[in-house]
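Bear in mind these aren't lab numbers, they're just calculated from the coordinates by the rules spelled out. What you see is a predicted model, and the numbers here were worked out from it, not measured in a lab. Please note: Cβ atoms are built from the backbone with ideal geometry, for glycine as well, and neighbour counts cover all protein chains shown.
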Amino acid sequence: MNRNRRNPLKTNDRCTFYSRQKRDFAIPHAAGWGALATRIALILALLSCFLAPPSGAQNAERAKALSRKVMCMCGGCNDTAGTCNHTGGAFSGPCDTAKAMQKEVAERVNRGDSDDLVLQSFVQEYGPTVLPEPPRKGFTWLVWIMPVVAPLIALYLIWEVVRRWRRHALLPAGGPSVPPELLDRARREADRESHE
């Protein structure tokens, strides 16, 4: 071991310690380009791992989730393509229509299409009934607000009817006043008829 060399950690000369550190990590001009290229390649390789397109398992999960957002158009069930399951008899499982729809969804997902693009392609092919939930725009927004608004309107109408009935019940029963002579005559005739 070389005793002439000072230990930079035990010295009070901090400038020497820090300058020696900088010199150890500095990239020499001649040999540094190869090391710099290696470091850049390593950084790019790590970034490509994070920015890589989704794997097959992620695509399969995404396709399965999307197939649950599309109705099976076989006409024999009211299930989504992802949950279509005809039970009983000799056949059990998703129908051929649901299988074809699931396959088409998987192909579009593997192609890199967005979720909205996949759903729009099915809407163009089958119409808006292919979606289990109507879109929240245009005229179909009524489907979303009517379950709340309709009962409120019904409660208001019931309240109004009851309020009007109560108001009519509080009014005294009346009509045109009957002269006392007519009342006496009606009583006499009623008495005569009851005695006969």
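Below is a table of values for the structure above.
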read-out: Relative packing of 109-122, 69-82, which averages over residues the other C-beta atoms within 10 Å, highest first; value: 69-82, 109-122
read-out: Amide H within-cut-off set for Thr80, under 5 Å, with H built and near neighbours excluded; value: Cys72
read-out: Computed FRET value (nearest 0.05) for Ala150 with Glu61, which takes r as the C-beta separation and R₀ as 45 Å; value: 0.75
read-out: Cβ-based exposure ranking for Cys95, Cys84, in which fewest neighbours within 10 Å come first; value: Cys95, Cys84
read-out: Modelled FRET efficiency - R0 22 Å, Lys99 with Thr129, Cβ distances, 0.05 increments; value: 0.65
read-out: Pairs of Lys in the range 61-149 closer than 15 Å at Cα, counting only those 8 or more apart or on different chains; value: 4
read-out: Cα shape, the range 56-138, gyration tensor, a/c 1.5 rule; value: oblate
read-out: Under-5 Å amide H pairs with His86, H placed in peptide plane, nonlocal only; value: Gly93, Cys95
read-out: Contact order normalised by residue count of the range 56-138, Cα under 8 Å, 6+ apart, percent; value: 30 percent
read-out: Computed label-point distance, nm, for sites Phe139 and Arg185 using a 7 Å Cα→Cβ extension; value: 6.7 nm
